[in-house]
Amino acid sequence: MSAPALELTGLKKSFGKAEIIRGIDLSIGKAERHAIIGPNGAGKSTLFNLITARFPPTAGTVKLHGEDLAGLEPYQINRKGLSRSFQITNIFPKMSVFENVRCALLWAQGYKYSFWNLVSRSRGLNEGADAILEQINLLERRDVAAGLLSYAEQRALEIGITIAGGADVIMLDEPTAGMSHSETDYITDLILKVTAGKTLIMVEHDMGVVFGLADRISVLVYGEIIATNTPELVRADPKVQEAYLGAALEAEH
Ligand SMILES: Nc1ncnc2c1ncn2[C@@H]1O[C@H](COP(=O)(O)OP(=O)(O)OP(=O)(O)O)[C@@H](O)[C@H]1O
């Protein structure tokens, strides 16, 4: 049997005396869509930062396709096929939409920015950028400065940048934060489309999005996973209801 896409074992993180991630074991299969939910301050962003090596763990291991990532830099992990977005939109606002995606492609291929002029003529790269713009429905906006896009379009561009390198494990941190209902539906459909056949790991507060997208959900409370299961079973779990979901679902109505 092949290794899971991502496997966390005994993962812990302390900041000073505060233990924020308190021993996480989690296995996420290839092409699974997995949502991580939980109250504010539960440690979801910290967990993302541990997986992508922005923070070193205090204990435990992170394996990508069976390979231990200990000691690797974030960019090295990125080149092994794990790519993440951030809560805050992370685009270059003065560059065009097209240049933002092309830049992400360049980065994924390991070029230096000083090679810019040389590679600007590279047809493959330009075609690759256009193909991504088409996937994220921004082809018609390709020459607009990214900072002039609407908020939802900027988040779509962020998703395009995240998938540009061809990673097969995609991590999205609150992709629908701050969106209206219609924008949320739009981005949810987009995520479904661009992550087809890939592994998706997503932190999200909108329960409509979580229950619409996820194959499985993990509930993180005070640095521990209290349940990992299908949406139906997580929803019905009294522990989850008590610790989080009751309040979260109520907040939506
Ligand atoms: N670099 C850091 N140094 C010290 N404490 C930190 C650091 N990063 C996070 N924390 C603490 O870790 C806890 C978990 O924060 P984290 O941002 O991971 O939670 P979260 O579940 O993502 O919350 P939210 O849903 O509000 O984004 C918080 O108490 C936070 O103050």
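Do we find that residue 197 is closer than 23 Å to residue 43 by Cβ, small (Gly, Ala, Ser) and touching a residue at least 40 places away in the same chain (Cβ under 8 Å) in this structure? Answer is no for this residue. Within the stretch 1-50, the residues that satisfy the criterion of being within 7 Å of the ligand (Cβ to nearest atom), part of a loop (DSSP other than H, G, I, E, B) and open to solvent by less than 30 Å² (accessible area, probe 1.4 Å) are 38, 42, 43.
Remark: pairs (first residue in the stretch 205-227, closer than 11 Å to residue 22 by Cα; second residue surrounded by fewer than 19 Cβ atoms within 10 Å (Cβ to Cβ) and at pLDDT below 95; Cβ separation under 7 Å; 6+ apart in sequence or on different chains) = 221/39.
Quick test of your reading of the structure: residue 97 fulfils all but one of (1) β-branched (Val, Ile, Thr); (2) closer than 28 Å to residue 46 by Cβ; (3) at pLDDT 95 or above. Name the failing condition by number. Condition (2) is where residue 97 drops out. The residue that is modelled with the lowest pLDDT, among those in the stretch 195-210 that are open to solvent by 10 Å² or more (accessible area, probe 1.4 Å) and within 23 Å of residue 8 (Cβ to Cβ), is 205. The test for being among the hydrophobic types (A, V, I, L, M, F, W, C) and open to solvent by less than 40 Å² (accessible area, probe 1.4 Å) does not hold for residue 148. Screening the candidates 185, 189, 168 for the property of being within 18 Å of the chain's Cα centre (by Cα), within 20 Å of residue 28 (Cα to Cα) and among the charged types (D, E, K, R) yields one hit, 168. Scanning the stretch 56-101 for residues that are farther than 26 Å from residue 123 by Cβ, open to solvent by 60 Å² or more (accessible area, probe 1.4 Å), assigned to a loop (DSSP other than H, G, I, E, B) and not basic (Lys, Arg) turns up 56, 58, 65, 70, 71, 73, 87, 88, 90, 93.
Does residue 131 satisfy the condition of being within 22 Å of residue 78 (Cβ to Cβ), surrounded by fewer than 16 Cβ atoms within 10 Å (Cβ to Cβ) and modelled with pLDDT of 90 or more? When the stated conditions are applied, residue 131 passes them.
The values are calculated or read from the model by the stated rules, or taken from the named source; none is laboratory data. Treat the numbers as computed from the prediction; the structure is a model and nothing was measured. Reconstructed Cβ throughout: ideal geometry from the backbone, glycine too, with neighbour counts over all protein chains shown. Areas reflect the complete protein model, heavy atoms only, side chains present, ligands, DNA and RNA absent. Shrake-Rupley method; radii C 1.70, N 1.55, O 1.52, S 1.80 Å.
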